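Provided herewith is a single structure, encoded as structure tokens, for subsequent inquiry.
The values are calculated or read from the model by the stated rules, or taken from the named source; none is laboratory data. As the structure is a computational prediction, the values presented were derived from the model and not from experiment. Ideal geometry is used to build each Cβ from the backbone, glycine not excepted, and the neighbour counts take in all protein chains shown. Please note that ligands, DNA and RNA were not included when accessible areas were found on the heavy atoms of the full protein model with its side chains. Shrake-Rupley method; radii C 1.70, N 1.55, O 1.52, S 1.80 Å.
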Amino acid sequence: MKAVGARLPRYDGVAHVTGRTVYVDDVRVPGTLWTKALRSPHLFAAVTKLDTRKAEAMPGVRAVITHADVPTNVYGHLAALGVPADEPLLAEDEVRYRGQPIAAVAAEDEETARAAVDAIEIEYEEREPLLDIRKAFDPDAPKIHPWGPCYSHYGPHDHRRIRKGDIGRAFEQADVVVQGVYRPQAIEHCPIEPQTGLAVPEPSGRLTIYSCTQGMYFSLGVVAAHLQLPLNRLKFVGGTVGGGFGGKVDTATETVCALLALKAKRPVKWRWTREEEFLCSSTRAPWHIEIADALTSDGWILGRKTLTLHDSGAYTRFSSYAVTKHAFHHAGAYTIPNIEFDGYVVFTNRVPTTAMRGFGVTSISFAVEMQMSRNAEVLGLDPFELRLRNASRIGDTTPNLVVLKDPSSVPVIQAMAKEIGVELAAEYRGMTNAPRSGELLPEHLLSSVAQNGKED
Amino acid sequence: MASEVLLPTSPAEAVAAFGDGAGVTVLGGGTIVMPEIAYGRAALGRVLLLARSGLDQVTRSDGAVTIGAAVPVAALEGGDEPLASAAAHVGDPEIRAQATVGGNLCAGPGGEAPRGDLQAPLIALGARVRSTGAGGERVEPVEDFLAAGGGRLVLDVSYDAPDAAGYAAAWRPHAHHATILAAACARSGGQTRVAVTGAGPHGLRCPSVEQALAAGADAATAAAKVLDDVDPPDDALASAWYRKRILPTLVQRAIEEAR
Amino acid sequence: MKLNVNGVERSVESLALTSLLVVLREELGITSPKAGCQQGGCGACTVLVDGEARRSCLVPLAAIDGAAVTTVEGLGDPESLSAVQAAFHEGYAAQCGFCTPGFLLATHALLAHTASPTRAEIERALGGHMCRCTGYVKIVEAVEAASGGVR
């Protein structure tokens, strides 16, 4: 590969520095209409009245859409992967988060679109919202969805479970148990380019959609499913995304633009404001993670119990996938023979959460490494040595029964120590990821080198 | 939509155009009004642009300073304290070059951040505002102007350069500052004036602190009295609890700097 | 009203309170300044007005009738990049590129005032410009490179 190790100029670099890179908002199609959405001001409410006639009658308004205009209103982002749909494109009887879109208007200019949204008659009956995932399982917690407080389609279970080995015995045998609670919070992606979409009806009957999505084919599928159109009726044009970081996988504007464009028979653009980005766009999820490690006093981790609550916001979106990824990584770079993992996708009346850089993995990695440091502190051991001892090696199995072929835990931890000027003891300096033997293979780890657990 | 846009080319024209201020929106640099327009929140009426009004003069004579309403905030950097420190932390250089002293003085409590960072320093300096509006021209202390609630066109502010000054603030940790809380202090001869930013809807004078200092209290004792003068709010930037905890310390530092 | 944009006299029909950003993007078809926030908070809309860096989303047209406006298109083109543009390109100071025009113009204005700024001066001058991709290090290094070396 000629490129590896070479310093190549970015192929889009010259366009970036000369202002020639085209983002969705830079595409110019004559006759393009402006879009504004009617969004819920309430965290949780029933919609008791919705009347768009005054808005539709306004001069300059070319189309208004509500749930009634969407051929398949409730379509889950991961429906193709078997995750049941629970989120409407436009709210019907309920709104479950502040900012949830209920209707959208396409008009000749921004001011008219805004005025039309204000002219939509709507009434709500507010409900008590739930914002703390820890309270979601209380019997008197607000019921966001009729089926219960969490996403419940993990096979026969209502949460992601891993069971490996004999966790009870591990905790009985422990010299010390170290517990920690870790609560990484929501992060707003805040790309400098706001969500922007432009849908253009073609004379052929197809729709061309200019999109800032991070997943072109994915968003194409979502729009086609909502609109019940065959895929070949849609042409997606992507290009440079002005920052996404995971937040532009949500197909946030394309479907609404497409529906408005079909109804108005005009090109329609929707560019979110920075306030909409902060208040209504999806974020990285907040998590509540509890870890308890059963430890020997010389620094072996005999077993780990993990409880994870993932704040999915008002709808599932991609959260079921996040918790699954989270589950795979909850032992971190280390081999732990006895495992009890329970991960829940919990609903709250927040904006639905989504992917962000390392979706599901960053949160658990943070918790795992904090826990490892805590373990070392409680045991009075060197934090590097504790990590190196438990670090995964060739032939070790993970909690989800993957047999590791070439884990980089050992060299990476050694490199970390070197990078910050920590001198490791000779024994630890000389470690490699070769298969465990001798002192690195105590009895309790024998089961992890041979497959002996089960994943529910 | 603005019903009319007025662009006076002299102070006298600006005064005439403003009249009694009914139905008039004043646009100084635009840093406050233009976002309101962009977000569809401005009820504009007749809009008076000060860009060419000639209200952008700074005059200094024997320590008496007069700053026109349309003087950019950037012009105060490197000038008299505590104004200079407050000005240097407004937005970034581009914002400071465009935002005006008059606009900052008239900034209403905006969203979740106090926006009138120059108000407290001007109060501490004992500055007087010359304004026009219903009833004609008027000169009054800044704190009285702010308490009266607006609706007037600021023409200029004047103060006498102090003997010493102090400024202590808590900012969001970023180059692009949002001031959470600030204490401004200026001393001339035996009199010390103290005012704070971020403890109310606009800059507020602290008479209890000033009286304690006048009665001979030390900086810490006097500073503790600030909570008799203000009731800081809860907002997205900081809780009332946090503000109450650190405000006396900021006031103390400002007083000590002005020794 | 009239504006001299990148050296060309343009007649402008937009209303008096239209922001310079909207005038440039929607009336004149110059799309390099970006609508990142419409509140002056991000710097993606920055252009030069009479040589000074300004947030175009905050400037009403009537306040700058007759002024000279410079956008990135006026700095240089692919065949002849300005020193600042070349430094940003060669230094990988742009990833998604959305914030780049604003940074380039603010840098030009800085270097016109201060030929060899210190790192602190660079950070103070550009501190109001947001970038969510690069982490700013390569941007600062590009400015140093454009100004003729590290101080």
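Being in contact (Cβ under 8 Å) with a residue 12 or more places away in the chain, under 20 Å from C:Gly7 (Cβ atoms), of a type in the set (A, V, I, L, M, F, W, C) and within 7 Å of another protein chain (Cβ to nearest Cβ), is that true of even one residue in region C:95-102?
No, region C:95-102 contains no residue that is in contact (Cβ under 8 Å) with a residue 12 or more places away in the chain, under 20 Å from C:Gly7 (Cβ atoms), of a type in the set (A, V, I, L, M, F, W, C) and within 7 Å of another protein chain (Cβ to nearest Cβ).
Could you tell me whether region C:20-33 includes any residue that is among the hydrophobic types (A, V, I, L, M, F, W, C), open to solvent by less than 20 Å² (accessible area, probe 1.4 Å) and away from chain A (no Cβ under 12 Å)?
Scanning region C:20-33, I find at least one residue that is among the hydrophobic types (A, V, I, L, M, F, W, C), open to solvent by less than 20 Å² (accessible area, probe 1.4 Å) and away from chain A (no Cβ under 12 Å), so the answer is yes.
Can you name the residue in region B:119-160 that is farther than 27 Å from B:Leu49 by Cβ and in contact with a Lys or Arg (Cβ under 8 Å, 6 or more places away or on another chain) and is also most open to solvent (accessible area, probe 1.4 Å) among such residues?
Selected residue: B:Pro141.
Here is a follow-up. Can you tell me which condition A:Ala225 does not meet? The list is (1) at negative phi; (2) small (Gly, Ala, Ser); (3) within 14 Å of chain C (Cβ to nearest Cβ), and all the others hold.
(3)
Here is a list: A:Ala115, A:Ala170. Which entry is among the aliphatic types (A, V, I, L, M) and either part of a loop (DSSP other than H, G, I, E, B) or in contact (Cβ under 8 Å) with a residue 60 or more places away in the chain (or both)? Write out each step before concluding.
Values: A:Ala115 fails: either part of a loop (DSSP other than H, G, I, E, B) or in contact (Cβ under 8 Å) with a residue 60 or more places away in the chain (or both).
Exactly one of A:Ala115, A:Ala170 is among the aliphatic types (A, V, I, L, M) and either part of a loop (DSSP other than H, G, I, E, B) or in contact (Cβ under 8 Å) with a residue 60 or more places away in the chain (or both), namely A:Ala170.
Quick check on this structure: which one of A:Arg304, A:Arg274, A:Arg284 is surrounded by 20 or more Cβ atoms within 10 Å (Cβ to Cβ), within 14 Å of chain C (Cβ to nearest Cβ) and over 20 Å from the mean Cα position of the chain (by Cα)?
Matching residue, one of A:Arg304, A:Arg274, A:Arg284: A:Arg274.
If you don't mind, another one. Looking at region A:31-55, which of its residues are within 14 Å of chain C (Cβ to nearest Cβ) and of a type in the set (S, T, N, Q)?
The answer is A:Thr32, and nothing else.
Looking at C:Gly97, C:Gly66, C:Gly148, C:Gly128, which is the one that is under 30 Å from B:Tyr39 (Cβ atoms) and surrounded by fewer than 19 Cβ atoms within 10 Å (Cβ to Cβ)?
Selected residue: C:Gly66, the only one of C:Gly97, C:Gly66, C:Gly148, C:Gly128 that is under 30 Å from B:Tyr39 (Cβ atoms) and surrounded by fewer than 19 Cβ atoms within 10 Å (Cβ to Cβ).
Determine whether C:Val59 is of a type in the set (Val, Ile, Thr), within 18 Å of C:Leu21 (Cα to Cα), open to solvent by less than 20 Å² (accessible area, probe 1.4 Å) and within 13 Å of chain B (Cβ to nearest Cβ).
Considered against the rule, which asks whether it is of a type in the set (Val, Ile, Thr), within 18 Å of C:Leu21 (Cα to Cα), open to solvent by less than 20 Å² (accessible area, probe 1.4 Å) and within 13 Å of chain B (Cβ to nearest Cβ), C:Val59 comes out as yes.
Considering only residues that are of a type in the set (Ser, Thr, Tyr) and either farther than 24 Å from A:Asn375 by Cβ or more than 22 Å from the chain's Cα centre (by Cα) (or both), look in region A:135-189 and name the one that is surrounded by the most Cβ atoms within 10 Å (Cβ to Cβ).
The initial filter retains those residues of region A:135-189 that are of a type in the set (Ser, Thr, Tyr), namely A:151-152, A:154, A:182.
In the following step, the residues that additionally are either farther than 24 Å from A:Asn375 by Cβ or more than 22 Å from the chain's Cα centre (by Cα) (or both) were identified as A:151-152, A:154.
Numbers: A:Tyr151: 26, A:Ser152: 15, A:Tyr154: 19.
The residue in question is A:Tyr151.
Does A:Thr72 count as in a strand (DSSP E or B), polar (S, T, N, Q) and either closer than 16 Å to A:Ala252 by Cβ or open to solvent by 10 Å² or more (accessible area, probe 1.4 Å) (or both)?
Against the criterion (in a strand (DSSP E or B), polar (S, T, N, Q) and either closer than 16 Å to A:Ala252 by Cβ or open to solvent by 10 Å² or more (accessible area, probe 1.4 Å) (or both)), A:Thr72 does not qualify.
Another question, if that's okay. Just to be sure before I move on: is C:Ala44 at the interface with another protein chain (Cβ under 10 Å from one of its Cβ atoms) and surrounded by fewer than 23 Cβ atoms within 10 Å (Cβ to Cβ) in the structure I sent?
no
What number of residues within region A:317-348 satisfy the criterion of being among the β-branched types (Val, Ile, Thr) and at pLDDT below 95?
Qualifying residue count, region A:317-348: 1.
Quick one: which residue in B:Pro207, B:Pro248, B:Pro232, B:Pro201 is open to solvent by 10 Å² or more (accessible area, probe 1.4 Å), modelled with pLDDT under 95 and closer than 23 Å to B:Leu118 by Cβ?
Working: B:Pro207 fails: modelled with pLDDT under 95; B:Pro248 fails: modelled with pLDDT under 95; B:Pro232 fails: open to solvent by 10 Å² or more (accessible area, probe 1.4 Å).
The match here is B:Pro201.
Then there's this: Given the criterion over 13 Å from the mean Cα position of the chain (by Cα) and either away from chain A (no Cβ under 13 Å) or of a type in the set (Val, Ile, Thr) (or both), identify the matching residue among C:Ala86, C:Ala68.
C:Ala68
Could you tell me which residue of region B:38-55 is nearest to A:Trp272 (Cα to Cα), considering only residues that are crowded, with 19+ Cβ neighbours inside 10 Å and modelled with pLDDT of 95 or more?
B:Ala38
Consider region A:230-243. How many of its residues are out of contact with any strand residue (DSSP E or B) (no Cβ under 8 Å at 6 or more places or on another chain) and either open to solvent by 10 Å² or more (accessible area, probe 1.4 Å) or among the aliphatic types (A, V, I, L, M) (or both)? Explain how you work it out, then say what you get.
From region A:230-243, those out of contact with any strand residue (DSSP E or B) (no Cβ under 8 Å at 6 or more places or on another chain) are A:230-232, A:240-243; that's our starting set.
If we keep only those that are either open to solvent by 10 Å² or more (accessible area, probe 1.4 Å) or among the aliphatic types (A, V, I, L, M) (or both) too, we end up with A:230-232, A:240-241.
Qualifying residue count for the region: 5.
Residues are listed down the side, and each one gets a yes or a no for (1) part of a loop (DSSP other than H, G, I, E, B); (2) among the hydrophobic types (A, V, I, L, M, F, W, C):
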position	(1), (2)
C:Leu3	no, yes
C:Glu13	yes, no
C:Glu26	no, no
C:Gly29	yes, no
C:Pro33	yes, no
C:Gln39	yes, no
C:Val47	no, yes
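Can you list residue pairs whose Cβ atoms sit under 7 Å apart, with the first residue in region A:235-250 being more than 7 Å from chain C (Cβ to nearest Cβ) and in a loop (DSSP other than H, G, I, E, B) and the second being β-branched (Val, Ile, Thr) and open to solvent by 30 Å² or more (accessible area, probe 1.4 Å)? Count only pairs 6 or more apart in sequence or on different chains.
Once the first residue is more than 7 Å from chain C (Cβ to nearest Cβ) and in a loop (DSSP other than H, G, I, E, B) and sits in region A:235-250, its partners that are β-branched (Val, Ile, Thr) and open to solvent by 30 Å² or more (accessible area, probe 1.4 Å) give A:Gly239/A:Val22.
Could you tell me whether C:Gly66 is within 24 Å of B:Thr31 (Cα to Cα) and in contact (Cβ under 8 Å) with a residue 60 or more places away in the chain?
yes
Filtering region A:6-30 down to residues that are more than 10 Å from chain C (Cβ to nearest Cβ) and under 26 Å from A:Glu277 (Cα atoms), which residue is least open to solvent (accessible area, probe 1.4 Å)?
Per the stated criteria, the residue is A:Val24.
Shifting gears a bit: Would you check if there is a residue in region B:65-87 being of a type outside the set (Val, Ile, Thr), crowded, with 23+ Cβ neighbours inside 10 Å and free of Cβ contacts under 8 Å to residues at least 40 places away in the same chain?
yes
Further question: Could you list, in sequence order, the residues of region B:235-245 that are open to solvent by 20 Å² or more (accessible area, probe 1.4 Å) and not in a helix (DSSP H, G or I)? Walk me through it before giving the result.
Initial filter on region B:235-245 (open to solvent by 20 Å² or more (accessible area, probe 1.4 Å)): B:235-237, B:239, B:241-242, B:244-245.
Across region B:235-245, the qualifying residues are B:Asp235, B:Ala236, B:Leu237, B:Ser239.
The rows are residues; the columns are (1) modelled with pLDDT under 95; (2) of a type in the set (Ser, Thr, Tyr).
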{"site": "A:Leu386", "(1), (2)": "no, no"}
{"site": "A:Thr398", "(1), (2)": "yes, yes"}
{"site": "A:Leu401", "(1), (2)": "yes, no"}
{"site": "A:Val410", "(1), (2)": "no, no"}
{"site": "A:Lys418", "(1), (2)": "no, no"}
{"site": "A:Arg436", "(1), (2)": "yes, no"}
{"site": "A:Leu440", "(1), (2)": "yes, no"}
{"site": "A:His444", "(1), (2)": "yes, no"}
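Scan region A:405-448 for residues that are among the hydrophobic types (A, V, I, L, M, F, W, C), open to solvent by less than 60 Å² (accessible area, probe 1.4 Å) and free of Cβ contacts under 8 Å to residues at least 60 places away in the same chain and jot them down. Lay out the reasoning, then the answer.
Here is the first cut: in region A:405-448, the ones among the hydrophobic types (A, V, I, L, M, F, W, C) are A:410, A:412-413, A:415-417, A:420, A:422, A:424-426, A:431, A:434, A:440-441, A:445-446.
Imposing the further condition that a residue be open to solvent by less than 60 Å² (accessible area, probe 1.4 Å) reduces the set to A:410, A:413, A:415, A:417, A:422, A:424-425, A:431, A:434, A:440-441, A:445.
Listed by number, the residues that qualify are A:Val410, A:Ala415, A:Ala417, A:Val422, A:Leu424, A:Ala425, A:Met431, A:Ala434, A:Leu440, A:Leu441.
When residues of region B:45-69 are filtered for being under 30 Å from A:Ala37 (Cβ atoms) and more than 8 Å from chain C (Cβ to nearest Cβ), how many remain?
1
On to the next question. Anything in region A:140-167 that is over 23 Å from A:Asp86 (Cβ atoms) and assigned to a loop (DSSP other than H, G, I, E, B)? List them, or say none.
A:Gly165, A:Asp166
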